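Each remark here refers to the structure printed beneath this line.
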Amino acid sequence: MTMADFGQLYSVAARMLGAQGSPTWREDRWPAQRRVTFTELEAELTGAGFENSGDPARDLVTIGATFPVAAISLTEYVQADPEGVDDPLVLAGPLHTAISGALDELAARLAPGRPDVAIGSAGAEASESLQELATAIRAGLDQPPSAPRRILADSVPVSADPATHERLAAFAKTAADAVPAPDELGDDFSVRYDVAVAAADLRALVAGENVPAWRERQPGIEADRHLVTAYRWEGAEGRPVDLAEWAAELREALSAAGAPWRPTPDKPVPAESAEKAWILYPKRQALVTADLLDELAVRLAPGAKVGLIHFSSYPLQQFIAHTLRAGTTEI
């Protein structure tokens, strides 16, 4: 391998671990050998490179903290909410669905190993729409609007000295060899299919073959101008969703559903209804949600450049996908 291949090696290895969805290698469900090899690879990925402060490939820029620190602090913040749902923010179901989709998009763009991307003009309206959603949440909580979008610091290109490169390749191959081939998974439901695909890619890459560093969920998705979490089917034909198209849908959801609001004696939380769902957000969850919408707005602004995502994003991705949503209540 050449030094230029280190980023691709890192990306495929991080994709293999991240695709599992939960750190199974820290539990007893896997054979001991597989757990050990994945744990060792995790340590290599976590310790590699990415030293630049403020790098969006390793930092959550809206709160100015590295991914692991942000995951810990945000988890503690939302779980220690003294008010809980006693003084909630109320959102109409469709607006909650739109916001949940945006959080899914952010989590996917923070997936460990996702390659670098430079956002084009298609991101302008999406970025603005996300800030409008964040501002609407803050307005419902009597908070000031979102700050103007900041400019991302440039990510430092991923590289390594030959010894580090060789070491990562060795750990990656050992871990990949402990994973069955995709067509050999059989009844081993403890390994996700995408993990087996990434492991096969990793074995091929280390053997010198040309393989993709990243695989989007559907063909034709280009992260610089499409959503990476959505695909539209029209009959038998599918297509990616353009960022500008999505922006219009976000605005439509906000307009149709109405702005988030807090209950008062004159306007209590609506009674349960089969016709319309209402979602209650605890105050702290709502504030963090607004921050994360702003984070995605920054990352989708035209000209934003984000480097290869460091493996340390894993706990933050899990926080966005799971922990943050645990506080919502549907009525």
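The values are calculated or read from the model by the stated rules, or taken from the named source; none is laboratory data. Small disclaimer: the values here were computed from a predicted structure and weren't measured. Ideal geometry is used to build each Cβ from the backbone, glycine not excepted, and the neighbour counts take in all protein chains shown. Just so you know, the surface numbers come from the protein's heavy atoms only, side chains and all, with ligands and any DNA or RNA stripped out. Shrake-Rupley method; radii C 1.70, N 1.55, O 1.52, S 1.80 Å.
Let's see how each residue does on (1) at pLDDT 95 or above; (2) open to solvent by 10 Å² or more (accessible area, probe 1.4 Å); (3) assigned to a helix (DSSP H, G or I):
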{"site": "280", "(1), (2), (3)": "no, yes, no"}
{"site": "289", "(1), (2), (3)": "yes, no, yes"}
{"site": "294", "(1), (2), (3)": "yes, yes, yes"}
{"site": "303", "(1), (2), (3)": "no, yes, no"}
{"site": "315", "(1), (2), (3)": "no, yes, yes"}
{"site": "318", "(1), (2), (3)": "no, yes, yes"}
{"site": "321", "(1), (2), (3)": "no, yes, yes"}
{"site": "324", "(1), (2), (3)": "no, no, yes"}
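Residues of segment 92-103 being surrounded by fewer than 22 Cβ atoms within 10 Å (Cβ to Cβ), over 18 Å from the mean Cα position of the chain (by Cα) and part of a helix (DSSP H, G or I), which ones? 93, 94, listed by residue number.
To keep it simple, each residue is scored yes or no on (1) in a loop (DSSP other than H, G, I, E, B); (2) open to solvent by 30 Å² or more (accessible area, probe 1.4 Å); (3) in contact with a helix residue (DSSP H, G or I) (Cβ under 8 Å, 6 or more places away or on another chain).
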{"position": "213", "(1), (2), (3)": "yes, no, yes"}
{"position": "219", "(1), (2), (3)": "yes, yes, no"}
{"position": "231", "(1), (2), (3)": "no, yes, no"}
{"position": "250", "(1), (2), (3)": "no, no, yes"}
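Candidates are the residues of segment 54-91 that are of a type in the set (Asp, Glu) and in contact with a Ser or Thr (Cβ under 9 Å, 6 or more places away or on another chain); the one that is surrounded by the most Cβ atoms within 10 Å (Cβ to Cβ) is 59.
Here is the figure for segment 121-169: residues that are in a loop (DSSP other than H, G, I, E, B) and either touching a helix residue (DSSP H, G or I) at 6+ places or on another chain (Cβ under 7 Å) or over 18 Å from residue 250 (Cα atoms) (or both) total 22.
On the basis of being modelled with pLDDT under 90 and over 17 Å from the mean Cα position of the chain (by Cα), does residue 55 make the cut? It is false that residue 55 is modelled with pLDDT under 90 and over 17 Å from the mean Cα position of the chain (by Cα). Closer than 29 Å to residue 330 by Cβ, more than 23 Å from the chain's Cα centre (by Cα) and not aromatic (Phe, Trp, Tyr): is that true of residue 282 in this structure? Answer is no for this residue.
Of all residues in segment 67-94, how many are hydrophobic (A, V, I, L, M, F, W, C) and within 30 Å of residue 57 (Cα to Cα)?
8
Apart from one condition, residue 77 fits all of (1) farther than 26 Å from residue 255 by Cα; (2) over 18 Å from the mean Cα position of the chain (by Cα); (3) modelled with pLDDT under 90; the exception is (3). The single condition among (1) at pLDDT 90 or above; (2) crowded, with 17+ Cβ neighbours inside 10 Å that residue 121 does not satisfy is (2). Note on segment 154-173: among residues that are surrounded by fewer than 17 Cβ atoms within 10 Å (Cβ to Cβ) and in contact (Cβ under 8 Å) with a residue 12 or more places away in the chain, the one that is nearest to residue 31 (Cα to Cα) is 167. Would it be correct to say that residue 106 is open to solvent by less than 20 Å² (accessible area, probe 1.4 Å) and either among the hydroxyl-bearing types (Ser, Thr, Tyr) or assigned to a helix (DSSP H, G or I) (or both)? Yes, satisfied.
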